[in-house]
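Take a look at the structure set out below.
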Amino acid sequence: MSTTQTEAEHGRSLPVLHLSQLLRAPVVARSGEAVGRVDDVIARLGDTDDYPAVTGIVAGVGGRQVFIGSKSIDQYAVDRIVLTKNKVDLRGFERRDGEVLLRADVLGHRLIDVAAVELVRAYDVELEDTGTGWVVARLDTRRPPRLFGLIKHSGGHAARDWKSFEPLIGHARSDAVRRLSDRFGEFKAAEIADLLEEADKAEGGEILDRVHSDPELEADVFEELDPEKASRLLDDMPDDEVAALLGRMRADDAADAIADLRQSRRRRVLDLMPAPQRTKVVTLMGFNPESAGGLMNVDFVACAATTTAGEALALISTASAVQPEALIKVHVVDGDRRLDGVVSVIALLQADSGEAVAGLMDSDPVRVSADADLTDIALLMADFNLYSIPVVDDRDHVLGVVTVDDVLEATIPEDWRRREPAPRPVRDIIQPDDGSAPGADAP
């Protein structure tokens, strides 16, 4: 396999071509006769450490779309594809598992920039001849110039490594291969939520499909989503899936999500939820959403005054289901679950492990009733430098805990949360310098 372009001008020693240069190029038989035109270029996804190998083209021949494999191609060039034979197999093209159509699936479509965790559009694809075959090496995500209102592909200067992106192809038969990368597991829940809020329906569907394979991550993502977006996504899910998802979420976030469901669905979804979570959610739904009762998390760590510092720390270490912000303090209660005091994790860590929390706790902590409004809670947190405040009933029984992140989420204006974040430095995924990456031997 050969090429007429060496790309020395780009500082790379390996021959390169751009997808925009190949599309609509003539397909030429060995005799020199034009037999069709290039409609698309096919690449096959492989192991996560490999660049997708170009396996052939989809050509328009006599009104049919046919597959021409790379073994039947003598030359990929800027102005033509030259075949090894004079005949073309006219069997119709059918996509196989793991195959990507670079024009149909990538060019003009959005992908996830892994470093910046944002959606970017691919305006060109750079192919590179490694000596053993052509591979998809880089993408150009910069909008090309327009000529008379039309996008003019210059066929050059694709700059970013393919592995810097996670494609959203939306093709079920290649999905299993793409899942092997597990790139979504590297993203924070809030970052995935931002992607979902920016994505269109098709892109969001694929992102959700990936997240769905990790139930805990899925719950975390829905906790971070804009309520209106979360409500739209839940509307498209069956009742049993919604119930399972809300059963894994924090009870206060699940209560908010239930309240946003259509009234005709609420009872059905509640009945399908795990009983302990259903009880918490129903309790929270009885309060004003902007009151302490509506904001609080009903999961917290409590102990008796006779508990030792070591025992209290052990309780914290096993409370994996409790919101981390609610673990900053341990609530000391009597036999009737009335609040005796609070003790900070720092105090427990600095104390002798055998010392009782009675001697370490604040015996008159700041507390609020369930009907306290958001402003009062925020002012108390600011005045007393608090990260959490216990919520109690009229008999001082602890109902739950309001944490600083709950207050921030409720007080920050919606347009502030949705404004464009400051740009982050762009970095490519660094490949090992072992000569395995395309262009690795360039100076």
> Inside the range 84-133, can you point out the residues that are open to solvent by less than 10 Å² (accessible area, probe 1.4 Å) and over 26 Å from the mean Cα position of the chain (by Cα)?
Replying inline: LEU127, GLU128
> Limited to the range 267-306, what total is found for residues that are of a type outside the set (Gly, Ala, Ser) and either loosely packed, with under 15 Cβ neighbours inside 10 Å or in contact with a strand residue (DSSP E or B) (Cβ under 7 Å, 6 or more places away or on another chain) (or both)?
Replying inline: 17
>> It is to be established whether one or more residues within the range 253-270 are over 30 Å from the mean Cα position of the chain (by Cα), hydroxyl-bearing (Ser, Thr, Tyr) and in a helix (DSSP H, G or I).
In response: yes
> Out of all the residues in the range 393-414, which are open to solvent by 10 Å² or more (accessible area, probe 1.4 Å) and in a strand (DSSP E or B)?
Replying inline: HIS397, VAL398, LEU399
> Under the condition of being assigned to a helix (DSSP H, G or I) and not β-branched (Val, Ile, Thr), which residue from the range 328-365 is farthest from ALA302 (Cα to Cα)?
Replying inline: GLN350
> Any idea how many residues of the range 56-81 are part of a loop (DSSP other than H, G, I, E, B) and in contact (Cβ under 8 Å) with a residue 12 or more places away in the chain?
Replying inline: 5
> Which residues, taken from the range 287-316, are at pLDDT 95 or above and of a type in the set (Val, Ile, Thr)?
Replying inline: VAL301, THR306, THR307, THR308, ILE316
>> Show the residue pairs meeting these rules: Cβ distance below 6 Å; 6+ apart or different chains; first residue within the range 297-308 and assigned to a loop (DSSP other than H, G, I, E, B); second residue among the acidic types (Asp, Glu) and surrounded by 17 or more Cβ atoms within 10 Å (Cβ to Cβ).
In response: ALA305/ASP340
>> With the requirement that a residue be modelled with pLDDT of 95 or more and hydrophobic (A, V, I, L, M, F, W, C), what does the range 317-334 give you?
In response: VAL330, VAL332, VAL333
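The values are calculated or read from the model by the stated rules, or taken from the named source; none is laboratory data. Computed from a predicted model, the values in this text were never measured in an experiment. Cβ: placed from backbone, ideal geometry, glycine included. Neighbour counts: every protein chain shown. We work out accessible area using only protein heavy atoms, side chains counted, and drop any ligands, DNA or RNA first. Shrake-Rupley method; radii C 1.70, N 1.55, O 1.52, S 1.80 Å.
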